[in-house]
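J.: Below you'll find the structure I mean.
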Amino acid sequence: MIQAMNLTKRFNGLLAVDDLSLEVREGEVFGFLGPNGAGKTTTMRMLSALIAPTSGTALVNGHQIGTESQAVRASVGLLTETPGLYPRLNAEHNLGLFAKLHGVDDVDGQVRRYLTLLDLWTRRHDPVGSFSKGMQQKLAIARALLHEPLVLFLDEPTSALDPEAARVVRDFIETLKGRGRTIFICTHNLNEADRLCDRGGVIRQRLIRVDTPQALRQGLYGQSVLVRLQQPAPGLETTIAGLPFVSSVSAVEGGLRIALEDPEIHNPDLVRTLVEAGAAVQFVEREAHSLEQVYFDLMRESEAPETEVTA
Amino acid sequence: MNESRVQAIITKEWLDMGKNKMVLIMMALLPVILVAMILGTAWLMQRTPEADFDPNTGSSGMALPAELAELGAKTGTMVLINDQYMFYLLLIPMALPVYIAAYSIIGEKETRSLEPLLATPITTAELLTGKIIAAVVPAVVLAWLSYLLTAAGMILVASPIIVAYMVRPVWTLSMALHGPLFALLSTACGVIASSRLNDARAAQQITALFIVPVIGLSMAVLMGRVYINLNLLLWATAVLVLVNVGVLWLAVRLFRRETILTRWK
Ligand SMILES: Nc1ncnc2c1ncn2[C@@H]1O[C@H](COP(=O)(O)OP(=O)(O)OP(=O)(O)O)[C@@H](O)[C@H]1O
Ligand SMILES: [Mg+2]
């Protein structure tokens, strides 16, 4: 669906995106993570044929950016960083303009459909400037969907919203999943990426890593369980470390952290061994690394090559 | 060029214009002031005694060009002053579009609405055409309306000969031809200035440069140095067409998709 090949963008010598190659599959929700100024918006603008790459190219919906930019634009929907609505015009007119620009057959029907879907139908005659941020954001998403694009780009869809409005928007995005639509989301909200995305990419000028949220976590930490003990049991560590499926054991406050291949298969054996060795087991819990932690670790990892690039 | 997309832009511009009080007031103010001024002056002069217009002894006397001398001092002077005012009516299509265009383009910058707009299949030419038409048409219509209104009012306040001179071919043709040409020129300047300079006032100042020759010509007319005739009209049209082509070419060249997108912050 989206295939970026060595995309590079410089702004007067400033390297915004560096040699980015990436593939997003049909029907996939892809999260694009990275700090401020990492080049997320720039990448999205290149992929939606708004700005030309300095070098490299991309295929979006089978159309090449640059040479078939109009076809690319016709087949993608873009939610920009700021909603960019016309505040003096009402909701209906804001959407109507875009439906017409996209050559939608049934302009009124499509506008009604999305206004209804997003609970904005009763406010359709009000100037958009009077809408709350959440309502404006919903309207802006609707605007990107009017022509039923196969690829949807969402640039920080929930970042300017309060938690309540963010949830409404997030829930709506969730309903867009799984209809064959490919969705590419830029976000700073890692929990959001965790919840919405099938795969994610971490970028900082260069693409640092691409994987499923779970694999991103596992790749960094492996799988581990925390065992809480009533009292510390000396010698236990060596016994456990001797088990074939355990890769490491370390003592932590109130118990042990045990890294093992697959907790679901090996936990029963692990617990039996612990009990037989005389350990007073209180809890066994899966250690959950939030994607946030993964993100920070990746960022730290990427510091070193980063300085080389700019040097 | 996809007409329905151009139409969509025009519709949007006019809807927005209708809700923008600043622009509406600006658009109404100039025509109302000019029409009132022209009719008021004619009304006053009509009621001034003939003797006051004597070029040598009268307080309102002026040297008349040969073409107007035969009308007599009073009528000749009224025609002369009215001729000068007709230039001011031509300022309507020149002054209004620059406001409309600057507002429509700088408005897009302020609301950050340009990026979603450019993400649709619209071409730069379509967007520009829509914006230019949306600015030119109301300005020209207002100029023509002001001209008609002045002529109608003149029937009430002045003698028929003044009206006849006001609607003689040089002026009707000038309104018909120069009105749109001025409007187009001014819109193109508005587009250039606001896509380049990031400032509506700069756009207005550039347009002011074009007003100077028009005012200069109107002064020459008033001082009896030049008498407006068809020959002059054709020359002015030719010059205007050339300037228009040049400025429009520049506007289209400067209005680059990526530049306006990345520089319009
Ligand atoms: N039009 C432009 N002209 C010059 N530099 C630009 C332009 N647009 C972006 N940049 C620079 O390119 C880099 C990447 O910007 P970009 O907006 O893509 O980052 P981002 O990942 O979207 O950041 P954020 O999370 O803040 O939105 C930044 O250093 C930015 O200053
Ligand atoms: Mg961004």
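The values are calculated or read from the model by the stated rules, or taken from the named source; none is laboratory data. From a predicted model like this one, the values you see are computed outputs, not experimental measurements. Here Cβ is always computed from backbone atoms with ideal geometry, including for glycine, and neighbour counts include all displayed protein chains. Please note that ligands, DNA and RNA were not included when accessible areas were found on the heavy atoms of the full protein model with its side chains. Shrake-Rupley method; radii C 1.70, N 1.55, O 1.52, S 1.80 Å.
J.: May I ask which residue of B:T172, A:I65, A:V275 lies farthest towards the positive end of the charge dipole of the protein assembly as shown, with charges of +1 (Lys, Arg) and -1 (Asp, Glu) on Cβ and the Cα centre as origin?
T.: B:T172
J.: Highest mean first, what order results for A:235-245, B:80-90 on Cβ atoms within 10 Å?
T.: Order by mean packing, descending: B:80-90, A:235-245.
J.: So what's the net charge close to A:E164: Lys and Arg +1, Asp and Glu -1, counting the other residues with Cβ under 14 Å from its Cβ?
T.: +1
J.: One-quarter of the Cα convex hull surface for the protein assembly as shown, in nm²?
T.: 35.7
J.: Measuring with a 1.4 Å probe in the full set of protein chains, what accessible area per residue, in whole Å², belongs to the protein assembly as shown?
T.: The answer is 45 Å² per residue.
J.: Name the aspartates and glutamates eligible as straight-distance cross-link partners of B:K21: C-alpha to C-alpha under 20 Å, and not fewer than 8 places from it in the same chain.
T.: Within the straight-line limit of under 20 Å, B:K21 reaches these aspartates and glutamates: A:D126, B:E13, B:E108, B:E110, B:D199.
J.: Another one. Per residue, how much space in cubic angstrom lies within the convex hull of the C-alpha atoms of chain A?
T.: Hull volume normalised by residue count: 166 Å³.
J.: Taking the Cα centre of the range B:1-73 as origin, work out the dipole magnitude from +1 charges on Lys and Arg Cβ and -1 charges on Asp and Glu Cβ, in debye rounded to 20.
T.: 660
J.: Take the residue pairs B:K12/B:K109; A:K177/B:K131; A:K9/A:K177 and return only those whose Cα atoms are more than 26 Å apart.
T.: A:K177/B:K131; A:K9/A:K177
J.: Starting from the Cα of A:A280, step 7 Å along the direction of its Cβ; do the same at A:A52; then give the gap between the two resulting points in nm.
T.: Going from the A:A280 label point to the A:A52 one covers 7.4 nm.
J.: log₁₀ I(q)/I(0) of the range A:1-129 at q = 0.09, 0.16, 0.17 Å⁻¹, via Debye over equal Cα point scatterers, no solvent, to two decimals?
T.: Cα-only, vacuum Debye calculation for the range A:1-129: -0.34, -0.91, -0.98.
J.: A further question follows. Could you work out the equivalent-ellipsoid semi-axes for chain B, taking the square root of 5 times each eigenvalue of the Cα gyration tensor, largest first, in whole Å?
T.: The answer is 41, 18, 15 Å, longest axis first.
J.: Given a Förster distance of 41 angstrom, what is the FRET efficiency for A:Q70 paired with A:E287, based on the Cβ-Cβ distance and rounded to 0.05?
T.: 0.25
J.: Ordered by packing density, taken as the mean number of other Cβ atoms within 10 Å over each peptide's residues, highest first, how do A:129-140, B:148-159 rank?
T.: A:129-140, B:148-159
J.: Taking the Kirkwood radius as the inverse of the mean 1/r across Cα pairs, report the Rg/Rh of the range B:68-162.
T.: Ratio of gyration radius to Kirkwood radius for the range B:68-162: 1.25.
J.: Oh, and also: Any idea what % of Cα-Cα pairs in the range A:131-197 are farther than 14 Å?
T.: More than 14 Å apart: 56 percent of the Cα pairs in the range A:131-197.
J.: Protein chains only, probe 1.4 Å: how do A:V107, A:V60 rank by accessible area, largest first?
T.: A:V107, A:V60
J.: Just from its helices, what would the mean residue ellipticity at 222 nm be for chain A, if runs of 4 or more DSSP H residues each count -39500 (n - 2.57) and the sum is divided by every residue, rounded to the nearest 500 deg cm²/dmol?
T.: When only DSSP H runs of four or more count, the value is -11500 deg cm²/dmol.
J.: Would you give the gap between the C-alpha center of the range B:32-70 and the C-alpha center of the range A:142-181, rounded to a whole Å?
T.: 70
J.: Specify the inter-centroid distance of the range A:8-33 and the range B:232-254, based on alpha-carbon positions, in whole Å.
T.: Cα centroid to Cα centroid, the span is 44 Å.
J.: Next question. Quick one: putting +1 on the C-beta of Lys and Arg, -1 on the C-beta of Asp and Glu, what dipole do you get for the protein assembly as shown around its Cα centre, in Debye to the nearest 20?
T.: I would put it at about 1500 debye.
J.: What does the charge count around A:A277 come to, taking other residues whose C-beta lies under 14 Å from its C-beta (Lys +1, Arg +1, Asp -1, Glu -1)?
T.: With Lys, Arg at +1 and Asp, Glu at -1, the neighbours total -2.
J.: What's the FRET efficiency of B:V243 with B:T11 using the Cβ-Cβ distance as r and R₀ = 30 Å, to the nearest 0.05?
T.: The computed FRET efficiency comes out at 0.50.
J.: Using the charge dipole of chain A (Lys, Arg: +1 at Cβ; Asp, Glu: -1 at Cβ; taken about the Cα centre), state which of A:P244, A:V169, A:A49 has its Cα farthest towards the positive end.
T.: So the residue we want is A:A49.
J.: So how strong a dipole does chain A carry about its Cα centre when Lys and Arg Cβ are +1 and Asp and Glu Cβ are -1, to the nearest 20 debye?
T.: Dipole about the Cα centre, nearest 20: 1060 debye.
J.: Full-extension gain between A:D297 and A:R10, please, as 0.36 nm times their residue separation minus the C-alpha to C-alpha distance.
T.: 100.6 nm
J.: Within the range A:42-61, name every residue whose backbone N is under 11 Å away from a label modeled 7 Å from Cα of A:Q3 along the Cβ vector.
T.: A:58-61
J.: Put +1 on the Cβ of every Lys and Arg and -1 on every Asp and Glu Cβ in chain A; which of A:Y86, A:L256, A:L22 then has its Cα farthest towards the positive end of the dipole?
T.: Most positive-ward Cα: A:Y86.
J.: What's the Cα-based Rg to Rh of the range B:9-147, Rh via Kirkwood?
T.: Rg/Rh: 1.22.
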